[in-house]
Amino acid sequence: AAAIQREHHERFAKAFELAQQQLESESKRVGELRDFLWKELQEKIPKLKLNGHEMGEKRLPNNLNVTFIDVEGEAMLLYLDEYGIMCSTGSACTSESLDPSHVLLAMGLPYEYSHGSIRFTFGHCNSKKDIEYMMKYLPDVIKQLREISPVNIGNVKHAKYKK
């Protein structure tokens, strides 16, 4: 048992050493993905709000939290899941809750905006192709959800009534 435990410790130490060696280059790489996604979102989807610090050095490189105004976040997750796209409406520690992010509420974001917020997180397996794939579907998902949003009901004619 002691030999197995020592082997696990050695493997963990090696994994940690490798992660430390790649930390700077990986942070730069995922930061570029984050920036690319934010650019794509702004170009293709109206009525967005960036949550947290402005883009730059004060932001973590591996995530982006965005509010899609007049859209309910859980509905977005269900639609995106149909395409194999995984993201979250809250922090990782509250991922099983339907409550809006307590962090976003504490930052002063209105309740409705918090409910329409999505957190995109990037890791070593993600690439620009993942973002391009998601952006094939996300604009239409947002458009569909805004059409049926009770918050937006007076501003958009539902497809059923368009003629």
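Overview of results
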item: Cα-based reach from Lys143 at 19 Å (exclusive), listing aspartates and glutamates while leaving out same-chain residues under 8 positions away; result: Glu40, Glu43, Asp70, Glu72, Glu74, Asp81, Glu82, Glu112, Glu132
item: Under Karplus coefficients 6.51, -1.76 and 1.60, residue-wise ³J(HN,Hα) of segment 54-70 in Hz, glycine/proline x; result: 4, 4, x, 5, 7, 8, 5, x, 9, 8, 9, 10, 10, 9, 9, 5, 6
item: Mean Cβ count within 10 Å, highest first, over the residues of peptides 66-72, 42-48; result: 66-72, 42-48
item: Order by protection proxy (mean Cβ within 10 Å, highest first), peptides 3-15, 116-128; result: 116-128, 3-15
item: Theoretical gain in end-to-end length, Glu17 to Glu57 [0.36 nm per residue, Cα-Cα removed]; result: 11.9 nm
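Where a number appears in this text, it was derived from the coordinates with a stated rule and is not lab data. Note that the structure is a prediction, hence the values are computed from the model and not measured. Note that we place each Cβ from the backbone using ideal geometry, even for glycine, and neighbour counts take in every protein chain shown.
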